[in-house]
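Scroll down for the structure; my scribbles are underneath it.
None of the figures in this text is laboratory data; all of them are computed from the coordinates on show. Predicted model, so just to flag it, every value in this text is computed and none were measured. Note that we place each Cβ from the backbone using ideal geometry, even for glycine, and neighbour counts take in every protein chain shown.
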């Protein structure tokens, strides 16, 4: 007789629910920070042709090192703050989620600690759990900024193998000040400091990318995704930039042929259309700033945002507000600290629908 339960799930996973934002079919979906503007006909045609070419070779395994894609990504990053990056500095995987998990598999594990500062991305503790890494969380200030001296002390105290910090932060949209990256890298010693720039292209004018200081710190990793600014969420392509030693370490834990030929072809085609696909970023930034101003004019608290979403509140019963907004055909996200809600930035028409729904709900609950 086996002493294992059925199914024989690991103890740490018993009672856990899989990650996922609600996927509800409503007219206005503003809950997963997608780009509301899809690829143009020209970009879609180029992607389709690239995929057609890849389809003719699907009897063969893909390039397991994704050499050409990594070189293309390095070229793109060099135009957005990178400092003479090459293929050797870049790694790619199925979304930045897989990149993060690979980092924890390579540098975390039993007897090691991963550290972040809450509120932060809800998947981070799951990466730690899945890689058998101890999870330790510090805390941000009431305005969601990071107290740099307190953060430095926390790093020195717990000596993490991996520090995970998004900039802009998810779910708050808060960007790290430039000096934070240097401070964290120096305090971490040989620990890896991951600056998650999934929303980096949406940062405000004058907010630098951590890519700019990458050559100074061998323990710095900057992660990006093509899901947001590139409007390529359905393709699942994330990547990192780091010292070649870090890239080589991650290669040890990657699964064989983890990145399909179709994904590589689609991503390379999208990069050829980067100026066009990123062309709506400025509009989304402007719409975000207008949304922040509008929400504050309604008397709500709003976090400063450098992302394509806005965290706002506070509500005594945020779930009730979320539900009532949903009943008016607008799906937003119930996430972050208690009392707060998050709205992704959509088209002007979608944002008008959101504002109308929220005004009606707030009036109804007065």
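By how many nm would the segment from residue 45 to residue 364 grow when fully extended, if each residue of separation counts as 0.36 nm and the alpha-carbon distance is taken off?
110.1 nm is the gain from fully extending residue 45 to residue 364.
Could you tell me the relative contact order of the chain? Use alpha-carbon pairs under 8 Å, at least six residues apart, and round to a whole percent.
On the way: 658 pairs, mean separation 84.2, N = 366.
Once normalised by length, the contact order is 23 percent.
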If you count the DSSP beta bridges with both ends in region 41-272, what percent of them are antiparallel, to the nearest 5? 35
Can you give the calculated 222 nm mean residue ellipticity of the chain, where each DSSP H run of n ≥ 4 adds -39,500 (n - 2.57) and the sum is split over every residue, rounded to the nearest 500 deg cm²/dmol? -11500 deg cm²/dmol
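Peptides 49-55, 120-126: what's the order by average Cβ count within 10 Å, highest mean first? Walk me through the numbers on the way to the answer.
Working: 49-55: 14.4, 120-126: 19.4.
Packing order, densest peptide first, comes out as 120-126, 49-55.
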Taking the highest mean first, how do the peptides 24-31, 326-333 order by number of other beta carbon atoms within 10 angstrom per residue? 326-333, 24-31
For the pair residue 25 and residue 296, how long in nm is the line joining their label points, each one 7 Å along Cα→Cβ? 4.0
So if each residue of separation counts as 0.36 nm, and I subtract the Cα-Cα distance between residue 141 and residue 278, what length gain in nm does that give? 46.1 nm
Label-to-label distance, nm, for residues given as residue 4 and residue 78 (7 Å Cα→Cβ offset): 5.0
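Hey, any idea what the orientation-averaged projected area of the convex hull of region 1-158's Cα atoms comes to, in nm²?
Values: hull surface 67.0 nm².
In nm², the orientation-averaged hull projection of region 1-158 is 16.8.
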PRE zone check, label point 7 Å out along Cα-to-Cβ of residue 118, amide N under 15 Å, scope region 140-162, hits 140-142, 144
20 Å cut-off, amide nitrogen to a point 7 angstrom out along residue 218 Cα→Cβ, residues in region 81-101: 83-91
Suppose R0 equals 41 Å. What FRET efficiency, 1/(1 + (r/R0)^6) with r the Cβ-Cβ distance, do residue 204 and residue 14 give to the nearest 0.05? 0.40
Whole-number percent relative contact order across region 196-302, with pairs defined as alpha carbons under 8 Å at least 6 apart: 24
Highest mean first, how do 335-344, 61-70, 162-171 rank when packing is the count of other Cβ atoms within 10 Å averaged over residues? 162-171, 335-344, 61-70
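So how much slack lies between residue 355 and residue 60, counting 0.36 nm per residue of separation and subtracting their Cα-Cα distance, in nm? Please report the intermediate quantities before stating the final value.
Numbers: separation 295, 0.36 × 295 = 106.20 nm, distance 5.07 nm.
Between residue 355 and residue 60, full extension yields an extra 101.1 nm.
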Taking a ≥ b ≥ c as the square roots of the Cα gyration tensor eigenvalues, with a/c under 1.5 meaning rounded and otherwise prolate when a/b beats b/c or oblate if not, region 100-182 comes out prolate
Let me understand region 41-272 better: what is its radius of gyration from the alpha carbons, and its Dmax, in angstrom? 17.4, 56
